[in-house]
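K.L.:
Here it is, the structure in full.
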Amino acid sequence: MSVAAKSYSVVNPYHLKKLLRVRKAEISDINSIYDVASSVGTSEKISEQGFLVDDYLSKPNYYKKKIGHWIENLEHFYVAEYDKVYGFMIAYTKEEWLRDNPSWLQDVYWNPESDPSWTNKFIVVDKTAVFADLTGMGIGSLIYKRLLEDLRNEGIKHIFAETIISPQPNFASLQFRKKQKYSLAGVRYEKYNNILYTDLIYHKSAFDALT
């Protein structure tokens, strides 16, 4: 039976954040990224801890191939590492996102107060994960800070992110959106693996002060 990976850091978790460096993911990181993903992407979804929708433990080889595909094809795939990878973030440019989700702009029920210009040029933060036993240590925020720096250099002002609220709410993700001062921009209904999900769509300007 497959078991979700633990961080097993040789460093005190409270000191780890100061030692981590954030960089772009590389093909050699596939197994390490999979270990992180499979610690929070399992058949058991814990709302308070946060989770990935897919069960990464169910098909290891399949998901490792997907991770490799993301690394090779996405511009904004980051890892936080010290002696190994402890967390990652995957974000899509508008072109990358609409290539995989061509009707996304039409599928969202936009907040009447949202600005249509937000969708001219944007990034979608799709997945953020750290080892399950390191949730809340600030590792996700560290990776997010690197993303903001890159977006400013690239002139991408608007960030969207989706958070699941049904059939099981991702409370940890909702708390992260609040911490990073996102605002609610819309709602989307998505059927994935024969399950209907309700996603809240959040927006933030990358040109806001770094948090």
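K.L.:
Pull out all pairs, ordered by first then second residue, where Cβ-Cβ is under 8 Å, the residues are six or more apart or on different chains, the first lies in segment 27-50 and is free of Cβ contacts under 8 Å to residues at least 12 places away in the same chain and of a type outside the set (Gly, Ala, Ser), and the second is surrounded by fewer than 15 Cβ atoms within 10 Å (Cβ to Cβ) and in a helix (DSSP H, G or I).
P.N.:
That search, which allows pairs on different chains as well, returns nothing.
K.L.:
Scan segment 87-123 for residues that are among the charged types (D, E, K, R) and under 16 Å from residue 199 (Cα atoms) and jot them down.
P.N.:
Once the filter is applied, which keeps residues that are among the charged types (D, E, K, R) and under 16 Å from residue 199 (Cα atoms), segment 87-123 yields only 107.
K.L.:
Separate question: Quick check: is even one residue across segment 129-151 of a type in the set (D, E, K, R) and free of Cβ contacts under 8 Å to residues at least 40 places away in the same chain? Walk me through it before giving the result.
P.N.:
Residues of segment 129-151 that are of a type in the set (D, E, K, R), as a first pass: 133, 145-146, 149-150.
The next check asks that each one be free of Cβ contacts under 8 Å to residues at least 40 places away in the same chain; those that pass are none.
Within segment 129-151, none of the residues are of a type in the set (D, E, K, R) and free of Cβ contacts under 8 Å to residues at least 40 places away in the same chain.
K.L.:
Quick check on this structure: which one of 139, 123, 143 is farther than 20 Å from residue 81 by Cα and aliphatic (A, V, I, L, M)? Steps first, please.
P.N.:
Details: 139 fails: farther than 20 Å from residue 81 by Cα; 143 fails: farther than 20 Å from residue 81 by Cα.
Just one listed residue meets the conditions, 123.
K.L.:
What number of residues within segment 123-161 are over 13 Å from the mean Cα position of the chain (by Cα) and of a type in the set (Ser, Thr, Tyr)?
P.N.:
Matching residues across segment 123-161 total 1.
Readers should treat all values here as calculations from the given coordinates under stated rules, not as data from a laboratory. Here the structure is a predicted model, which means the values were calculated and not measured. Note that we place each Cβ from the backbone using ideal geometry, even for glycine, and neighbour counts take in every protein chain shown.
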